[in-house]
Amino acid sequence: MIKLTYRDAVRRALADALRADENVIFFGEDVAEAGGVFKVTPGLYEEFGGERVMDTPISEEAFIGAALGAAITGMRPVAELMFADFVPVAMDQIANQIAKYRYMSGGQFIVPLTIRAAQGAGAGFGTQHSQCVESWLLNIPGIKIVVPGTVKDMYGLLRTAIDDNNPVIVLEHKVLYNYAEEIDEAELTHVPLGKAAVRRVGKDITVVATQLMMHRSLDAAERLAGEGIDCEVIDLRTMIPLDEETILESIAKTGRLVIVEEAPHAGGWGADIAALAADKGIYWLDAPVKRVNMGGALIAYSPPLEDEVVPNVSRIADAIRAVMRA
Amino acid sequence: MTQNGIALPAQMRQDMLKKMLEIRAAEERIQGLFLENLVRGTTHLCIGQEACSVGVAAVLQPGDTMTCTYRGHGHALAMGMTMKALMAEMMGKASGACKGKGGSMHMTDASIGLLGANAIVGAQLPIAVGAALTSRLKKTGNITVTFFGEGAANIGAFHESLNLAAIWKLPVLFICENNLYGEYSVWSKTTPVRDIAVRASSYGIPGIVVDGQDAECVYHEVSAMAERARRGEGPALIELKTYRFRGHSRTDQAPYRPKGELEEWLKRDPILILKERMIADGQLDETEFEELRESIDRQVVEVVEWAKTEPYPPVEALYEDIYYEG
Ligand SMILES: Cc1ncc(C[n+]2csc(CCOP(=O)(O)OP(=O)(O)O)c2C)c(N)n1
Ligand SMILES: [Mg+2]
């Protein structure tokens, strides 16, 4: 057994992918010689050299577009966007180019590229460096979206993303970088995209969450176990493709659903899960579906304000109690 | 303007003339199809600019790649797309270059290195940078060329791409077809420099101005920069001074042009320039030229009639090629 952090898992997945396939290359701002602003990638440049691990200028549109150009001509690039908040800077390349290149050419290309980005609040980075962005990306058929929440998933989903012949955006939660698990190294294997994980089995209520919210939901579930409420916590792991089956099976069992998102309410991915329940699970539901999220608020710098905006264990527990009472 | 007096071999001249006539004939038919509503949405003709795509394509070798713009019928044909693939795609037919999913603005044929025509101004530049990165990493000796208008020299992707390509010393040629107008705006109202080529100096790469009406001149100047790129000496910015004889798109009559401007440029019709030179050198006479023109026109009409009878894609195709399966 070894102790591995989520940060280590990213680095190991990249190193193993670079070792496994010479067409894999990795680039981004300050990722090579400096090892990345979150110190996720030290040593890769030293091991694989400057041809395969490259620093870029601060040109998100150009280097994300270059990843596409490299992908359609035989490479398997991994590009890092330092903060996920910078996704809009490269949004044309992501939404109009990368996602559509295969489709609008009538299937002439495969687009085996991966974009990694650090997202999420809780580290005091303020309004423009703390957002979770999966809902911005959800309306774009043609890409896949991955949101690892555990160490093994971070490794295994990133490996699968890099091996996938489609464009995959891997969103890493920056607060989880120091999160550690004791694991058997043999467990570090590819994790399939599109398969949710049931992190806690329960019979009374289904809680759907990802990343930091998944961990907080598990804490809330422990707290509520003492009150006789038995929560089932589902970690989606990937947003596209979405594992509808695991969610619906759970609702069929529990009849109640709470969705916890680290994002604003309007247009959030939780609305899709609620719509899924309404569409295909309505006859199993015994109570209204509740979404716990940031409402209409923005993330602020000041500690009590940042703590308030992101759903915490108490808020999640309150929502679960309310749905249990309904 | 750079001038280069060396005449190309008779066969090359013949090929270039023929290709320019094919492009001209195709686009004249395309305008007719648009008016008949068999070509839908919008279409952008390069009539008057044929020497640019034909002169550049003549420089390319097997394995070289190209990205270009929505004004891309000429580029596609110059690269070697078949008239059938082009015309069927124009009409959204299943046998089109992109199985009918791309249309006029997205002519793509990976098998001949045509990596895509793009409908987002400037977006094709980063993609070309990435394709050139593949060539450099795989040491193929190939180059990538990317076409854009002078209007695109004011979008961020242009500047980011030149900078990135320069820093990474990539074998990519940035080819600006300066046709004096971006949609309905004369470039002097949007661009504070007399030549786009001067912008190369900001990125420490060569910038040259070339007579874009003279296919031989385009060939010579681009050849020199292509050789340099193949030797690993990095990118160049090449500005081809040219003019579109038709409006920007659709049925635009170009009322924004000053009186007499078109007439002056018509005297510099790229087909006329090469034709007269060939006649002067005893390689062609008027009768042969007319026969060539008529036979090309006939062939294009035949292809158009064929494309009209081709089937549309089945509606199931809508859901194909969004993702690579497997
Ligand atoms: C990002 C973006 N902005 C605006 C447009 C609309 N548009 C299409 S063509 C065009 C003019 C481009 O001019 P130029 O780059 O000179 O190319 P030309 O059409 O003259 O070949 C504009 C503004 C677009 N397609 N993409
Ligand atoms: Mg123009």
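Odds and ends about this structure:
- Fraction of alpha-carbon pairs over 16 Å apart in region A:86-151 - percent: 54 percent
- Estimated from helical segments only, the mean residue ellipticity of the protein assembly as shown at 222 nm is -11500 deg cm²/dmol, where each DSSP H run of four or more residues counts as -39500 (n - 2.57).
- The Cα center of region B:1-79 and the Cα center of region A:157-182 differ in position by 45 Å.
- Rounded Å value of the spacing that divides the Cα centres of region B:120-144 and region A:276-294: 48 Å
- Per-residue 3J(HN,Hα) values for region B:159-175, derived from phi via the Karplus relation 6.51 cos²θ - 1.76 cosθ + 1.60 with θ = phi - 60°, read 5, 4, 6, 4, 5, 5, 5, 5, 4, 8, 6, 8, x, 10, 10, 8, 10 Hz in sequence order (x marks Gly and Pro).
- About its Cα centre, the protein assembly as shown has a charge dipole of approximately 360 debye under the convention of +1 per Lys or Arg Cβ and -1 per Asp or Glu Cβ, with nothing else charged.
- For region B:23-77, the set of GluC sites (Glu not before Pro) satisfying both a DSSP loop assignment and a count of at most 15 other C-beta atoms within 10 Å is given as B:GLU36.
- Cα shape, chain A, gyration tensor, a/c 1.5 rule: prolate
- Extent of the protein assembly as shown along its three principal axes (Cα atoms, max minus min coordinate, largest first): 98, 53, 45 Å.
- Placing a label point 7 Å from the Cα of B:ALA7 along the Cα-to-Cβ direction, the residues of region B:283-309 whose backbone N falls under 14 Å from that point are B:283-285.
- Of the trypsin sites (Lys or Arg not before Pro) in region B:110-206, the ones in a loop by DSSP (not H, G, I, E or B) with at most 10 other beta carbons within 10 Å are B:LYS139, B:ARG194.
- Take every pair of alpha-carbon atoms less than 8 Å apart whose residues are at least six positions apart; their mean separation over the length of region B:1-122 yields a relative contact order of 23 percent.
- Chains A and B together bury roughly 3300 Å² of accessible area, counting both sides, with a 1.4 Å probe on protein heavy atoms only.
- With only the Cα atoms considered, region B:79-198 has a convex hull volume of 115 Å³ per residue.
- Relative contact order %, region A:203-254, counting alpha carbon pairs below 8 Å whose residues are six or more apart: 48 percent
- Placing a label point 7 Å from the Cα of B:ALA94 along the Cα-to-Cβ direction, the residues of region B:281-312 whose backbone N falls under 16 Å from that point are B:307-312.
- Near B:ARG257, no amide H atom lies under 5 Å from its own; only residues 5 or more places off or on other chains count, and H is placed 1.01 Å from N.
- At R0 = 45 Å, FRET efficiency that the Cβ-Cβ distance of B:LYS259 and A:GLN128 yields, to 0.05: 0.30
- Average accessible surface area per residue within region A:2-187, 1.4 Å rolling probe, Å²: 29 Å²
- Across peptide A:53-62, the average count of Cβ atoms from other chains found within 10 Å of a residue's Cβ is 6.
- Along region B:6-14 the Karplus relation, 6.51 cos²θ - 1.76 cosθ + 1.60 evaluated at θ = phi - 60°, assigns HN-Hα couplings of 6, 6, 7, x, 3, 5, 5, 4, 4 Hz to successive residues, with x for each Gly and Pro.
- Restricting the trypsin sites (Lys or Arg not before Pro) of region A:123-199 to loop positions (DSSP other than H, G, I, E, B) with no more than 16 neighbouring Cβ atoms within 10 Å leaves A:LYS195.
- Overall, region B:214-326 carries a charge dipole of about 640 debye about its Cα centre when +1 sits on the Cβ of Lys and Arg and -1 on the Cβ of Asp and Glu, all other atoms neutral.
- Amide H contacts under 5 Å for A:MET54: A:PHE26, A:PHE27, A:GLY28, restricted to partners 5 or more places along the chain or on a different chain, H placed in the peptide plane at 1.01 Å from N.
- Reduced Cα scattering model of region A:2-187, Debye log10 I(q)/I(0), q = 0.09, 0.12, 0.14 Å⁻¹: -0.28, -0.52, -0.71
- Surface share of carbon and sulfur [accessible, 1.4 angstrom probe, percent] for the protein assembly as shown: 52 percent
- Point-to-point label distance, A:ALA326-B:GLN61, nm (Cα→Cβ direction, 7 Å offset): 6.8 nm
- Chain B: C-alpha gyration tensor shape, a/c 1.5 cut-off, then a/b vs b/c: rounded
- Estimated vicinal HN-Hα couplings, Hz - region B:132-140 in sequence order (Karplus 6.51, -1.76, 1.60; Gly, Pro = x): 5, 4, 4, 4, 5, 5, 8, 6, 8
- Given chain B, longest segment not containing exposed loop chymotrypsin sites (Phe, Trp or Tyr not before Pro) (DSSP; at most 15 other Cβ within 10 Å): B:1-183
- Sorted largest first, extent of region B:1-159 alpha carbons per principal axis (Å): 45, 38, 31
- With K and R counted +1 and D and E -1, the other residues having a Cβ less than 10 Å from that of A:SER59 yield a net charge of -4.
- Over chain A, relative contact order from alpha-carbon pairs under 8 Å, at least 6 apart, %: 16 percent
- Distant alpha-carbon pairs in region B:64-112 (separation over 13 angstrom), percent: 45 percent
- Here each label is just a point 7 Å from Cα along the line to Cβ, and for A:LEU285 and B:THR82 those points are 5.4 nm apart.
- Projected area, mean over directions - region A:119-222, Cα convex hull, nm²: 8.2 nm²
- Around the Cα centre of chain B, unit charges on the Cβ atoms of Lys, Arg, Asp and Glu (plus for the first two, minus for the last two) sum to a dipole of about 940 debye.
- When the alpha-carbon atoms of region A:197-325 are used, the pair Rg, Dmax equals 13.8, 44 angstrom.
- Amide H contacts under 5 Å for A:ARG199, placed H, 5+ residues apart: A:VAL233, A:ILE234, A:ASP235
- Taking 7 Å steps out from each Cα toward its Cβ at B:LEU272 and B:ASP15 produces label points 2.7 nm apart.
- R0 of 45 Å, Cβ-Cβ distance A:LYS203-A:ILE58: FRET efficiency to nearest 0.05: 0.30
- In this structure, B:GLN299 and A:ARG19 have a Cβ-Cβ separation that, at R0 = 51 Å, corresponds to a calculated FRET efficiency of about 0.45.
- Region A:36-98: C-alpha gyration tensor shape, a/c 1.5 cut-off, then a/b vs b/c: oblate
The values are calculated or read from the model by the stated rules, or taken from the named source; none is laboratory data. The model shown is predicted, which means the values in this text are computed figures rather than measured ones. With ideal geometry, Cβ positions are generated from the backbone for all residues, glycine too; neighbour counts draw on all protein chains shown. Ligands, DNA and RNA are excluded from the accessible area calculation, which covers all protein heavy atoms including side chains. Shrake-Rupley method; radii C 1.70, N 1.55, O 1.52, S 1.80 Å.
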